[in-house]
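Chemist: One structure follows; several queries about it will come next.
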Amino acid sequence: MTRHTARTLLATGGLAVVTALALTGCGQGFTETPPSESGAATDLTSSDEGLTIMIGSSGDAETNAVKDAVAAWSADSGVDAEVVAATDLAQQLSQGFAAGSPPDLFYLGTDQLAGYAENGSLQPYGDMLANKDDFYDSLVSNFTLDGTFYCAPKDFSTLQLIINQGLWEDAGLTDADVPTTWEELASVAEKLTDDDTVGLVFSGEYARVGVFMAQAGGRLVSEDGTTAEADSDANVEALSYVQEHLKDGTFAYAADVGAGWGGEAFGKELGAMTIEGNWITGALGDFPDVQAKVVELPAGPAGQGTLQFSNCWGMAADSPNQQAALELVEYLTSAEQQLAFSEAFGPMPSVESAAEQWKGDNEDLVAFLDGSQYAQGVPTNKGAGEVVTDFNAQLQSLESGDPKAILDSVQSNLEAIVG
Amino acid sequence: MTAPAAPAEAARPASSRRPRSGGVRRGEAGAGWLFVSPVILILGTFLFAPVIMALWVSFSDWTGRGSPFSSNVSFVGVDNYVELTTGGGLRTRDFGTALRNNTWYVLLVVPLQTALSLFLAVLVSRRILKARGFFRTAFYFPSVTSSVAITVLWLFLFSFAGPVNAIIAWFGGKGPNWFDEPRGIVHLALSGIGVTSGPDWLTQNDFLGLSWWEWLAGPSVAMSALILMAVFTTSGTFMLLFVAGLQNIGYELTEAGLMDGANGWQRFWHITLPQLRPIVFTVITLGLIGCWQVFDQIYTGTKGGPSKTTLTPAYLSYQAAFQNQDWGIGAAIAFILFLIIIVFTIFQRWVLRDRPVSRRRIRAYQTSTYAKGGAS
């Protein structure tokens, strides 16, 4: 027995020593580059270091367009810059931040902003941008936390109503019938519904159903991000409206007609209308027979409303050459460059000075840009992503659920994270 | 765990309880340590150190920036664990939902895969079977295929207008919308007989933020498709273990049973299966661990949907850490999962323990060549 104990002791002792050694080894590796305290820092770092830009690309078109633009800037400014297309952006960013060597610039979604801002990973630079006033105000507020404008929106998109022109005419409808109110939307949806096709199909998630909440005058979190108002009467009214028409079969969720998302249902003519953003134009290439027409969503009880989505160029607090990064962001968000991106892979420019030209180039898609006048952003509070995921889960059973109860649970979840 | 045992063996003569002048054996301890040091170093760096770091993270407020051991990360005690288990908020409910889903997954997958793999192993071990090699390969094939590829295949097979629903339609039925159907199969069955809401004592009381009625919902239709997939892909691996086990069993006992007039079922149940007990233990243990850690199918397939019914603790841990930057919560989930696996393994070890053997049996063992199992 004693022998056995001695053995075990020796073995565990050896292991402990090795582990301790390994740990100190790691610790040293980490602490060599102590993360600088950001937030307090107002001055940008500057050095001869090259830049690394990490993007979550939608495909080769986007990767190549960004690479070309960055290469052109690099040649012009003399600062080395490398574009990395991440396979899993969130994970690769996390690795970079934990190791203290994140990419200098990276795509950052509204849902991730608060998490990274809170732990000090981000260098806020919005107010230092030379073209700061050119960005749409609503986009600036999307990327503003506690009064700090963190990062420059790189582009944006809004949701609008997409109509299948062929089915529209088959149902005897004309341009004059384009719905402008909820009642009209319901009546055209009814006319467009038959055995194979549902009038209006969209994904059963906040990022689509939320447009009705906006049209009713509701939101999840107040515009300044300090109060949860998910359980407002406006939101109940919106969900009740959607529920009513899910029940009578003139609206349907994409999943319930066997499609992955609204665009697929629309392309396969499972739905005659859908609610999507300007990315749908890419997907409709697969369905050449479908004639799509983009119109503005109808106004609800509180007027027009839609949701907008945007990513920004996040800047790392640990970046050794923030000054150069800032210049690169100014270059990439200039009207000229954003129009080039728009032509290459389709996003909408986030600056007002590019609007006129964009509308001229994309006459069929004007409604998307017009939506920027009245669009609201999605909640950006830390933890809002989890709450919205939970809301989405409940929206999937909206047809049999109780709108008020759903919103009450969202409200209590939001109250835990807001304010 | 065999690695630490080896140096101990070598180190024994050098311990203080023995005279140091071991003659020829002198210096063996040093050599022993030298030989095992690569393994200890590798395991220490890539296994023990990360585990200990993760344990620390689960008790800290590390936010994913810089080293978890740096001075601005502080110890928060069991805060993360408390938030998950008794916090009562969204996190607790998510964790409860994930546990509910995974419990049903384990309860269905482990018995099914064990039974199926044993069944297949017995089939392909039959002397009478022609082309045994072909069948063994065929059954083993899903196991060596990447789980990502199989998941994609599964998403296609079980899509709304996919082959599975086409076959069901061919028989005149109407298939469900597999991966978009959040209702649990127990709830579906109950609503089939007219029960749509549970009694108050089930709906009014909850555990981890989820009412007991929700706990009893059963795996959702989407999860059921994943359960079928897990059984399909893992049975081949475990079949191989059982085939190896069956080959180690001599034919003498079966023959003796044959002489005593036992029929096929009795021979399997009373002679073959008891001898396979160590293999059954291995298979169930590996099955339990694999099932509690299910991640890749969720990550590539459903991402937790529909309505969070395929959320599992492993995926929730990933989400908390990498998506929401709540590294402490993510690590805490991982360690709770670790405890659950340990508890389940101990429990099944107890269930499958060697029970006291009767004298008659002992005599039988003493004359048998297979005395090893009883002696340990």
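Chemist: Restricting to region B:294-308, count the residues that are under 17 Å from the mean Cα position of the chain (by Cα) and either at pLDDT 90 or above or buried (at least 18 other Cβ atoms within 10 Å of the Cβ) (or both). Walk me through how you get there before you give the answer.
Modeler: Here is the first cut: in region B:294-308, the residues under 17 Å from the mean Cα position of the chain (by Cα) are B:294-298.
Now drop any that are not either at pLDDT 90 or above or buried (at least 18 other Cβ atoms within 10 Å of the Cβ) (or both), which leaves B:294-295, B:297-298.
Qualifying residue count, region B:294-308: 4.
Chemist: Of the conditions (1) over 30 Å from B:Trp212 (Cα atoms); (2) touching a residue at least 40 places away in the same chain (Cβ under 8 Å); (3) assigned to a loop (DSSP other than H, G, I, E, B), B:Ser71 clears all except one; give me its number.
Modeler: (2)
Chemist: Within region A:160-167, does at least one residue satisfy the condition of being within 13 Å of A:Gly314 (Cβ to Cβ), surrounded by 24 or more Cβ atoms within 10 Å (Cβ to Cβ) and of a type outside the set (Lys, Arg)?
Modeler: No, region A:160-167 contains no residue that is within 13 Å of A:Gly314 (Cβ to Cβ), surrounded by 24 or more Cβ atoms within 10 Å (Cβ to Cβ) and of a type outside the set (Lys, Arg).
Chemist: Still on this structure, I have one more. Given the criteria crowded, with 18+ Cβ neighbours inside 10 Å, within 14 Å of chain B (Cβ to nearest Cβ) and touching a Phe, Trp or Tyr at 6+ places or on another chain (Cβ under 6 Å), does A:Ala254 qualify?
Modeler: Yes, satisfied.
Chemist: If you don't mind, there's one more thing I want to ask. Do we find that B:Ser159 is among the small types (Gly, Ala, Ser) and closer than 21 Å to B:Gln297 by Cα in this structure?
Modeler: Yes.
Chemist: Given the criteria surrounded by fewer than 21 Cβ atoms within 10 Å (Cβ to Cβ), on the phi > 0 side of the Ramachandran plot and more than 8 Å from chain A (Cβ to nearest Cβ), does B:Gly88 qualify?
Modeler: Yes, satisfied.
Chemist: Ok, one more. Could you list all residues from region B:24-60 that are at the interface with another protein chain (Cβ under 10 Å from one of its Cβ atoms), of a type in the set (Gly, Ala, Ser) and surrounded by fewer than 18 Cβ atoms within 10 Å (Cβ to Cβ)?
Modeler: Selection gives B:Ser37 alone.
Chemist: Do the conditions hold for B:Phe207, that is, is it in contact (Cβ under 8 Å) with a residue 40 or more places away in the chain and either under 20 Å from B:Gly301 (Cβ atoms) or touching a helix residue (DSSP H, G or I) at 6+ places or on another chain (Cβ under 8 Å) (or both)?
Modeler: Working: in contact (Cβ under 8 Å) with a residue 40 or more places away in the chain: yes; either under 20 Å from B:Gly301 (Cβ atoms) or touching a helix residue (DSSP H, G or I) at 6+ places or on another chain (Cβ under 8 Å) (or both): yes.
When the stated conditions are applied, B:Phe207 passes them.
Chemist: Oh, and also: Counting only residues that are on the phi < 0 side of the Ramachandran plot, modelled with pLDDT under 85 and loosely packed, with under 12 Cβ neighbours inside 10 Å, give me the helices (runs of 4 or more DSSP H) lying completely in region B:309-376 with at least 1 of them.
Modeler: Per the criteria, B:327-351, B:359-367, B:372-375.
Chemist: Right, here's the next one. Have a look at B:Leu202, B:Leu208 and point out the one that is surrounded by 18 or more Cβ atoms within 10 Å (Cβ to Cβ), outside the structural domain of B:Ile279 (by TED's automatic domain parsing) and in contact with a Leu (Cβ under 8 Å, 6 or more places away or on another chain). Spell out how you get there, then give the answer.
Modeler: On the way: B:Leu202 fails: surrounded by 18 or more Cβ atoms within 10 Å (Cβ to Cβ).
So the residue among B:Leu202, B:Leu208 that is surrounded by 18 or more Cβ atoms within 10 Å (Cβ to Cβ), outside the structural domain of B:Ile279 (by TED's automatic domain parsing) and in contact with a Leu (Cβ under 8 Å, 6 or more places away or on another chain) is B:Leu208.
Chemist: Report yes if B:Val186 is more than 14 Å from chain A (Cβ to nearest Cβ), β-branched (Val, Ile, Thr), surrounded by fewer than 20 Cβ atoms within 10 Å (Cβ to Cβ) and in contact with a Gly (Cβ under 6 Å, 6 or more places away or on another chain), otherwise no. Walk me through how you get there before you give the answer.
Modeler: Details: more than 14 Å from chain A (Cβ to nearest Cβ): yes; β-branched (Val, Ile, Thr): yes; surrounded by fewer than 20 Cβ atoms within 10 Å (Cβ to Cβ): yes; in contact with a Gly (Cβ under 6 Å, 6 or more places away or on another chain): yes.
It is true that B:Val186 is more than 14 Å from chain A (Cβ to nearest Cβ), β-branched (Val, Ile, Thr), surrounded by fewer than 20 Cβ atoms within 10 Å (Cβ to Cβ) and in contact with a Gly (Cβ under 6 Å, 6 or more places away or on another chain).
Chemist: Further question: Of A:Gln357, A:Gln337, which residue is free of Cβ contacts under 8 Å to residues at least 40 places away in the same chain, of a type in the set (S, T, N, Q), outside any strand (DSSP E or B) and over 30 Å from A:Gly225 (Cα atoms)?
Modeler: One residue alone meets the criteria, A:Gln357.
Chemist: List pairs: first residue in region B:233-261 and surrounded by fewer than 20 Cβ atoms within 10 Å (Cβ to Cβ), second residue part of a loop (DSSP other than H, G, I, E, B) anywhere in the structure, Cβ distance under 8 angstrom, at least six positions apart or on different chains.
Modeler: Partner pairs satisfying both residue conditions: B:Leu246/B:Leu276; B:Ile249/B:Leu276; B:Gly250/B:Thr369; B:Gly250/B:Tyr370.
Chemist: Scan region A:85-102 for residues that are surrounded by 14 or more Cβ atoms within 10 Å (Cβ to Cβ) and not in a helix (DSSP H, G or I) and jot them down.
Modeler: A:Ala85, A:Ala86, A:Gly100, A:Ser101, A:Pro102
Chemist: If you don't mind, there's one more thing I want to ask. What are the residues in region A:222-242 that are crowded, with 18+ Cβ neighbours inside 10 Å and farther than 28 Å from A:Thr144 by Cβ, if any?
Modeler: Result: A:Val236, A:Glu237, A:Leu239, A:Tyr241, A:Val242.
Chemist: Which members of region A:383-419 meet the condition of being at the interface with another protein chain (Cβ under 8 Å from one of its Cβ atoms) and outside any helix (DSSP H, G or I)?
Modeler: Matches in region A:383-419: A:Gly383, A:Gln396, A:Ser397, A:Ala416.
Chemist: Is it the case that A:Gly115 is within 14 Å of chain B (Cβ to nearest Cβ) and either in a strand (DSSP E or B) or closer than 26 Å to A:Gln308 by Cβ (or both)? Working first, answer last.
Modeler: Numbers: within 14 Å of chain B (Cβ to nearest Cβ): yes; either in a strand (DSSP E or B) or closer than 26 Å to A:Gln308 by Cβ (or both): yes.
Yes.
Chemist: What helices (runs of 4 or more DSSP H) completely inside region B:192-300 contain at least 2 residues that are among the charged types (D, E, K, R)?
Modeler: Details: elements: B:200-203, B:212-215, B:221-248, B:252-259, B:277-292.
Here the list reads B:252-259.
The values are calculated or read from the model by the stated rules, or taken from the named source; none is laboratory data. Everything numeric in this text was worked out from a predicted model, so none of it was measured. Cβ: placed from backbone, ideal geometry, glycine included. Neighbour counts: every protein chain shown.
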